[in-house]
Amino acid sequence: MVSCALAQAANGRREVIIDQDMFGPGGSNMNSVLMLLQAPDVDVLGIVVSSGDGWRDEEIAQTLRMLELVGRPDVPVYAGATFPLLNNGARMKAWERRYGPLVWKGAWTESFGGQPRAEYHADPFLVPPLAAGAPSLKVQAESGVSFMIRTVHLHPGRVTLWMGGPSTDLALAARQDPGFAAATRELVFMGGSFNPVAADNSFADEYAHSPRREFNMLWDAEAASAVLHEAWPRILQIPVDPTTRTFFRKELYAEIGRAGTPIATYVASHPEGFPMWDELAAAVWLDPTLVKRSQKMLEDVAAGDGADYGSTLSWPIGRGPGLGEREVEVVQDVDVPRFERLTVRLLGGSRAPAH
């Protein structure tokens, strides 16, 4: 299923592999992927789904059903990692006993906002009944890690890896194939945190007192650290900081819904009302002119079991500890009104499948 999309490389189109924790239905994870699918100059070669905000197998089912509902059954879906490299629910609870409770732990989150979380289940392989019905599409037999390695070597230097969730899959791919990272065009990821201005929403409690902590890095800090030491030709990071000025308001959902397309109907049917974390990561890759300010720096993620677990570490270029840190271009500010217009246009429009 990949060959058709790869064959279009000669036409100057951009090829991307999406690695995402596809918790749904709807919401930032799904919306960002739909934006990439809708971009007229982009070929999505496949979606690799890993655990993070939810458990992998449930997320795969939600992804397959979403693709059916929006009319994109041509996009292959691959299974990524179910568990982090080292971290697990018991370790997180032990960490919280030492350093205080976390607001968001993804699939391990048993309560949110003082209430039991309805979506929580401890069984990582349980797939609860989907409100929209079970998908008829099937996940690919090839593993997500194998798919990524094979595909970047088919077209060396052409494939962007766009990551909206934890880093586990990329860390596994890089360890399995030492030439994997260098064979890509670039890594673009949403994650990390530096000094965000607290917004007026429940998630701001997470970083108001711990500004360097962010969930995508926290879920698998060891993988995040490993990935940031790989030989990517370019790394573009969209951290929490520029997302605090964004919010998926009701009027944006309503405007999208009025388009009446299958994608618009799907998006508008799940109006969560959170910051537009992953949507922004998709948008700045699609249109780099949205970026008003960015900065290059060296970066790592704190691992181990200390109070800073999962926190972003950074240094000026040339002043890092010299342990193989990679240069990262960090997006710090964006044109929010133009970003919202792009989001509405992509999620409300129609695009014929590439094949």
How far apart, in nm, are the 7 Å Cα→Cβ label points at residue 249 and residue 96?
3.4 nm
If I model a spin label as a point 7 Å beyond the Cα along the Cα-Cβ vector, how far apart are those points for residue 155 and residue 319 in nm?
4.0 nm
Output ³J(HN,Hα) for the stretch 258-264: one whole-Hz value per residue in order, computed from phi by the Karplus curve 6.51 cos²θ - 1.76 cosθ + 1.60 with θ = phi - 60°, and x for Gly and Pro.
5, 5, x, 6, x, 5, 4
What is the set of long-range amide H partners of residue 143 at a cut-off below 5 Å, with H atoms built 1.01 Å from backbone N?
none
Give me the number: length gained by fully extending residue 121 to residue 341, i.e. 0.36 nm times residue separation minus the C-alpha to C-alpha distance, one decimal in nm.
75.5 nm
Set of aspartates and glutamates with alpha-carbon distance to residue 250 below 15 Å, sequence-local pairs under 8 removed:
272, 340
Quick calc: nm separation of the 7 Å Cα→Cβ label points for residue 138 and residue 229 -> 4.0 nm
Per DSSP, the loop-located trypsin sites (Lys or Arg not before Pro) within the stretch 245-312 having at most 12 other beta carbons within 10 Å are 258
How long is the gain from residue 289 to residue 333 if the chain were fully straight, where each residue apart is worth 0.36 nm and the alpha carbon distance is subtracted?
14.7 nm
If you take the alpha carbon radius of gyration of the stretch 61-177 and divide it by 2.2 N^0.38 Å, what ratio comes out, to two decimals?
1.29
Hey, which lysines would be in cross-link range of residue 93, C-alpha to C-alpha under 28 Å, not counting anything within fewer than 8 residues on its own chain?
105
Neighbour-count ranking [beta-carbon atoms within 10 angstrom, fewest first] of 338, 319, 56, 326
319, 338, 326, 56
Which percentage, to the nearest 5, of the DSSP beta bridges contained in the stretch 3-348 is antiparallel?
35 percent
Over the stretch 186-342, relative contact order from alpha-carbon pairs under 8 Å, at least 6 apart, %
30 percent
Return the calculated 222 nm mean residue ellipticity for the chain, to the nearest 500 deg cm²/dmol, obtained by summing -39500 (n - 2.57) across DSSP H runs with n ≥ 4 and dividing by the residue count.
-9000 deg cm²/dmol
Around residue 223, what is the net charge, scoring Lys/Arg as +1 and Asp/Glu as -1 over all other residues with Cβ under 10 Å from its Cβ?
-2
Each residue of the stretch 342-349 in order: what ³J(HN,Hα) in whole Hz does its phi give by Karplus 6.51 cos²θ - 1.76 cosθ + 1.60, θ = phi - 60°, with x for Gly and Pro?
5, 4, 4, 5, 6, 7, x, x
How fast does the stretch 120-203 diffuse by Stokes-Einstein, in µm²/s, taking the Kirkwood radius from C-alpha pairs at 4 °C and 1.567 mPa s?
80 µm²/s
Efficiency of FRET from Cβ geometry, residue 74 and residue 204, R₀ 45 Å, rounded to 0.05
0.70
If you stretched the chain out fully between residue 130 and residue 175, how much longer would it get, using 0.36 nm times the residue separation minus the C-alpha to C-alpha distance?
12.7 nm
If the chain were replaced by its equivalent ellipsoid, with semi-axes equal to the square roots of 5 times the Cα gyration tensor eigenvalues, what would those be, largest first, whole Å?
27, 24, 21
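Bear in mind that the values in this text are calculations on the coordinates, not laboratory data. Only a predicted model underlies this, so the values are computations on that prediction, with no experimental measurement involved. Using ideal geometry, Cβ is built from the backbone for each residue, glycine included, and neighbour counts are taken over all protein chains shown.
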